[in-house]
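> This is the structure, below, for whatever I ask next.
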Amino acid sequence: MLRFSGRGVTDAGLVRQNNEDAAFVGPYVALVADGVGGAAAGEVASATVAYVVAATVLSRSDAAPEQVLRLAVETARAHLVAGVRQDVARQGMATTLSAVVCDGRRVVMGHVGDSRVYHLRGGRLRQVSRDHTWVQQLLDEGRINREAAAQHPWRNVVVRSLEGSDVMPVDLDLLELDVEPGDRLLLCSDGLSDLVPDGRIAHVLGVGDPDSAAAALTQAALSAGGRDNVTCVVLDLVDGPAVVGDGQLLGSVFDPRNIVDPAGVHLV
Ligand code: CA
C-alpha cells in the first residue's frame, strides 16, 4: 500500500505579523493553502479550506481521489461563501490550494493558485503544478522568459483561486502524479518558491528526513528575506501496511476560531 510519510513547517516570516498560510499533513492527504484578504480574512480562507478539504478526504476514503478532491473543494468553497455571508468584512477573501490525495495505489493532485507541488526523484526536481498567475500566462505565450518571470513585479498576481463567491465554478487542476516508493514531494507556499530558486530547493529538499528538510527549506526562505509567510510540507512516498493516524495541522488552521462552520462537514 502506497502512502505518505511526511512533516510540515510553517513560519510567519520576518515581515508579516500574521500567518495566512495553512497546511495539513497526513498519511493519505496533505495540502497547503495560502490565504489573502483584509481584516484577518486570509486566515479564515486558508484555515477553512484546509480543514474542510482534509476532513472531507478523510471521510471518503472509499472514493476515487479525483472525485473526492472535487467534492472537497466544492464543499470548502460553500463554507467560504457562508463565511462571507456571516461577516461582510470577509468579502474578497480567497486562498490557493495545493493538495495531494493517495488511495493506497495512486496519488492525485488538486491545485488552484500559485502554491506549488514539486516532485523529487534521484536528485531531479520537477514542478508538477502550474502556477495560475498572470506571469505564467505571459511565459506560456512566449512573451517573457523564465528569468524575466522570476523578477517580474507582478509575479504575485494570481488569476485563479478559491473565493467566497459562487458566481464562477471552481476551476481545479486535477493531475495523477507519476510516483513510486522512494520519491519525495514538496508542497509549498510562494513564501518559499518566490525567494528560493529551484536549484537550491532541489538540493535542500534531498537532504535528511522530511522533518529536517521542511525545516531547512523554511530556513532558506527566512535567510533570503522572509518577505512572506512560508510553508513547506515534505512527503516521502512509502510502501507498507496501511496506517491510521491523525494529521498535523499547521498555520491558520491550527486555531479553530479561523474555521467557518467546522461542524458543517458531514463526516460519513
Ligand atoms: Ca503567500
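> If you filter segment 107-181 for chymotrypsin sites (Phe, Trp or Tyr not before Pro), then keep DSSP loop positions with at most 13 other Cβ within 10 Å, what is left? Intermediate values should be presented prior to the final figure.
On the way: sites: Tyr118, Trp134, Trp154; in loops: Trp154.
Taking segment 107-181 and a limit of 13 other Cβ atoms within 10 Å, the loop chymotrypsin sites (Phe, Trp or Tyr not before Pro) found are Trp154.
> Just in segment 84-142: which trypsin sites (Lys or Arg not before Pro) are loop by DSSP and have at most 12 other Cβ atoms within 10 Å? Can you show the working numbers first?
Details: sites: Arg85, Arg90, Arg105, Arg106, Arg116, Arg121, Arg124, Arg126, Arg130; in loops: Arg105, Arg106, Arg130.
Those satisfying the criteria are Arg105.
> For the chain, what is the calculated [θ] at 222 nm in deg cm²/dmol (nearest 500), taking -39500 (n - 2.57) for each run of four or more DSSP H residues and dividing by its residue count? Working shown, then result.
Working: 7 runs with 80 residues, N = 268.
Mean residue ellipticity at 222 nm (helix-derived): -9000 deg cm²/dmol.
> Over segment 131-174, what is the relative contact order in whole percent, taking alpha-carbon pairs under 8 Å and six or more residues apart?
Details: 27 pairs, mean separation 18.5, N = 44.
With pairs under 8 Å counted, the relative contact order is 42 percent.
> Could you state, as a whole-number percent, how many of the C-alpha pairs of segment 80-170 are farther apart than 23 Å? Write down the numbers at each step before the final one.
On the way: 1671 of 4095 pairs.
The answer is 41 percent, as a whole percent.
> Okay, moving on. Could you work out how much longer the chain between Trp154 and Arg121 gets when fully extended? Use 0.36 nm per residue separation minus the Cα distance between them, nm to one decimal.
8.7 nm
> Stretched out fully, how many nm does the piece from Val81 to Ser212 gain, at 0.36 nm a residue minus the Cα gap? Intermediate results must be reported in sequence, preceding the final value.
Details: separation 131, 0.36 × 131 = 47.16 nm, distance 3.74 nm.
My answer for the length gained is 43.4 nm.
> How far, in nm, would the chain grow between Ala39 and Val244 when pulled straight, counting 0.36 nm per residue and subtracting the alpha carbon separation? Intermediate values should be presented prior to the final figure.
Values: separation 205, 0.36 × 205 = 73.80 nm, distance 3.74 nm.
Between Ala39 and Val244, full extension yields 70.1 nm more.
> Testing the spin-label approximation: label points 7 Å from Cα along Cα→Cβ at Gln137 and Leu175. State their distance in nm.
Placing both labels 7 Å along Cα→Cβ, they lie 1.9 nm apart.
> Also: Pairs of alpha-carbon atoms within less than 8 angstrom and 6+ residues apart define the contacts here; what relative contact order does segment 28-180 have, in percent? Before the final figure, lay out the partial values.
Numbers: 285 pairs, mean separation 40.9, N = 153.
After rounding, I find 27 percent.
> If I take the Cα coordinates of the chain and project them onto the principal axes, what are the three extents in Å, biggest first?
Rounded to whole Å, the extents work out to 48, 46, 35 Å.
> Follow-up question, since we're still on this one. Compute, for segment 100-217, the length of the dipole vector about the Cα centre, with Cβ point charges of +1 (Lys, Arg) and -1 (Asp, Glu) only. Units Debye, rounded to 20. Numbers along the way, then the final one.
Details: 13 positive and 19 negative charges, 77 e Å.
Dipole magnitude for segment 100-217 comes out near 360 debye.
> For segment 141-268, what are the per-bin percents of Cα-Cα distances with bins 5 Å wide, up to the bin holding the maximum?
Spelled out per bin, shortest first, that is 2, 7, 12, 16, 18, 19, 14, 8, 3, 1.
> Next question, about the same structure. Just to be sure I understand: with springs between alpha-carbon atoms less than 10 Å apart, which residue in Gly26, Gly104, Gly164 has the highest mean-square fluctuation in the Gaussian network model of the chain?
Maximum among the listed residues: Gly104.
> Sort 177-185, 33-41 by packing, meaning the average of other beta carbons within 10 Å per residue, with the highest value first. Mind dumping the intermediate values first?
Values: 177-185: 15.7, 33-41: 23.2.
By packing density, highest mean first, the sequence is 33-41, 177-185.
> Which shape class applies to segment 80-124: rounded if a/c is under 1.5, otherwise prolate when a/b exceeds b/c and oblate if not, where a ≥ b ≥ c are the square roots of the Cα gyration tensor eigenvalues? Please list the in-between numbers first.
Numbers: a/c = 6.29, a/b = 2.36, b/c = 2.67.
Here segment 80-124 falls in the oblate category.
> Then there's this: Report the relative contact order of the chain, percent, no decimals, based on alpha-carbon pairs under 8 angstrom and at least 6 residues apart.
Values: 661 pairs, mean separation 88.6, N = 268.
Rounded, it is 33 percent for the chain.
> So how far apart, in nm, are the two label points at Phe254 and Ala89 if each is 7 Å from Cα heading toward Cβ?
2.3 nm
Only the coordinates and a few stated rules stand behind these numbers; no lab work does. Quick caveat: nothing in here was measured; it's all calculated off a predicted structure. Glycine also receives a Cβ, built like all others from the backbone with ideal geometry; neighbour counts cover every protein chain displayed.
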